[in-house]
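As structure tokens, the structure follows; a few thoughts come after it.
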Number of protein chains: 2
Amino acid sequence: MELYFSPMSSSLAARAALYEASADVRFIEVDRKTKRCSDGTDLRAIFPLALVPLLRLDDGRLLSENVAILQYIADRLPTAGLAPSSDLERLHLQRWLSFIATEMHKAIFAPLLDANAPDGTRTHILKKFEPRLQYLNDHLTGREYLLDRFTVADAYLYTVLNWTMPTRVDLARWPAIQGYYEHLQIRPSIARAFLEEMALYKAELARQKAA
Amino acid sequence: MELYFSPMSSSLAARAALYEASADVRFIEVDRKTKRCSDGTDLRAIFPLALVPLLRLDDGRLLSENVAILQYIADRLPTAGLAPSSDLERLHLQRWLSFIATEMHKAIFAPLLDANAPDGTRTHILKKFEPRLQYLNDHLTGREYLLDRFTVADAYLYTVLNWTMPTRVDLARWPAIQGYYEHLQIRPSIARAFLEEMALYKAELARQKAA
């Protein structure tokens, strides 16, 4: 497998899941502005939307969309136990993956991270979607993970919660989310993914500044 | 099964899929402003986020999130062939469901439908996400469906494309999307779901006006 990623973007979830499963993977870094890849290619020539994560499967085909990629990784590397095996629990995994992708990633953090969003976006988004964060906080109260054990949904939610830093969203208002995030932060697969990507992210910023 | 829905919202996708499979279902209408349900309950008491679609499974449990609900319907009613059976094709179904949920529904149409969004949102969103519509148009060029045959992903994409009407997004710029939409519009399951929900939607508007 090959994972196209940009440091600290949503592709960090796939990296953490791959580390969790000790998978043999080649990581290809994509500059988020130029879309140039670390192997010399241009991501737009491979995938017109030029979005990461993008996973090249063993048969050479490409798979986009975090929700699909994370389930592929879980199913491809089943001994890591990154997805539940029962049909009912798999439904709840899909439900949480979708909640994170739609309500957390796209509805809340994507607009907050968008430097070109219209004035007033931040206030509007935080007010409108506050009930989602409260709902998540209620769910995580007394729980270590979204489901009964660590799954790819936790890798994704952790990744999205990283964006509370650049967007200055104070998790102190939602103590169960904050506790969950801090607990995951020290999980070895996640700590490694975070520290490696943070270093690459700083290097990317330095390159952009020098250019 | 029971489907909590609001007319012309994203829950129309589940209705179309259920009609496609000739499923035995009870539909419970939810007023999108008050969250009162047609069976007299308040959706917030059942599901704190009070979002539709919400599906009550045969064992009484509740399932939220369109991406999970649509796959459940496809798997629960396999003779309708609403999801591919091969693992690889299922991945691509998940990939398209996620693309529709994140890029189309949440990134493009949710902000366009949001009457309280900050000034400038419409122009910003249409400019930023135009490449997504172009990508979809390219994929649909020469195709009848997102995958090789009609699946729940088409029911979802059709539903989202309905929102081009209230948001005045002119599909003429993307002729393959327009052709796809018009072709699905006359599919019996979809035509029935559309016509029934449009009537309910008009009745809802009339109730709100009278109130």
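The values are calculated or read from the model by the stated rules, or taken from the named source; none is laboratory data. Here the structure is a predicted model, which means the values were calculated and not measured. Cβ atoms come from the backbone with ideal geometry, glycine included; neighbour counts cover every protein chain shown. The protein model used for the area step is the full one, side chains on, heavy atoms only, and it has no ligands, DNA or RNA in it. Shrake-Rupley method; radii C 1.70, N 1.55, O 1.52, S 1.80 Å.
Points to keep in mind about this one:
- Between B:T151, B:W163, B:L136, the Cα set farthest toward the positive side of the dipole of segment B:87-189 (charges on each charged residue's Cβ, about the Cα centre) is that of B:W163.
- For the pair B and A, total buried accessible area rounded to nearest 100 Å², probe 1.4 Å: 3200
- Over 41 Å [Cα-Cα, the protein assembly as shown], rounded percent: 11
- Max mean-square fluctuation residue, GNM over chain B, Cα-Cα springs under 10 Å, options B:L195, B:L147, B:L63: B:L195
- Cleavage-rule hits (trypsin sites (Lys or Arg not before Pro)) in segment B:44-81: DSSP loop, at most 16 neighbouring Cβ within 10 angstrom: B:R61
- Charge dipole of the protein assembly as shown (Cα centre as origin; +1 on each Lys and Arg Cβ, -1 on each Asp and Glu Cβ, all else neutral): 1200 debye, rounded to the nearest 20.
- Proximal aspartates and glutamates to A:K33, defined as alpha-carbon separation beneath 15 angstrom and excluding residues fewer than eight positions away on the same chain: A:D42, A:D114, A:E204
- Peptide-level mean, for A:119-127, of C-beta atoms on other protein chains within 10 Å: 3
- Kirkwood Rh and Cα Rg combined as Rg over Rh, evaluated for chain B: 0.95
- As a fraction of the 1.4 Å probe accessible area of segment B:87-189, surface on carbon and sulfur atoms comes out at 52 percent.
- For chain A, accessible area per residue (1.4 Å probe, heavy atoms of protein chains only), Å²: 43
- Shielded by partner chains, segment B:34-50 residues - at least 10 Å² of accessible area, 1.4 Å probe, vs chain alone: B:F47, B:P48, B:L49
- Membrane-span-like helices in chain A (whole DSSP H runs, Cα extent of at least 30 Å along the helix axis, mean Kyte-Doolittle hydropathy of at least -1.0): A:188-210.
- Placing unit charges on each Cβ (+1 for Lys and Arg, -1 for Asp and Glu) gives segment A:3-118 a dipole about its Cα centre, and among A:F5, A:L93, A:L113 the Cα reaching farthest toward its positive end belongs to A:L113.
- The Cβ shell under 10 Å around A:W174 holds other residues with a net charge of -2, Lys and Arg each +1, Asp and Glu each -1.
- The charge dipole of chain B, taken about the Cα centre with unit charges on the Cβ atoms of Lys, Arg (+1) and Asp, Glu (-1), comes to about 620 debye, rounded to the nearest 20.
- Positive-end residue of A:A21, B:L54, B:P175, charge dipole of the protein assembly as shown with Cβ unit charges: B:P175
- Carbon + sulfur, % of accessible area of segment B:2-80 - ligands and nucleic acids excluded, 1.4 Å: 47
- The charge dipole of segment A:2-80, taken about its Cα centre with unit charges on the Cβ atoms of Lys, Arg (+1), Asp and Glu (-1) only, comes to about 320 debye.
- At least 40 Å² of accessible area lost relative to the chain alone, listed for segment A:76-100 with a 1.4 Å probe: A:L88, A:L91, A:H92, A:Q94, A:R95, A:S98
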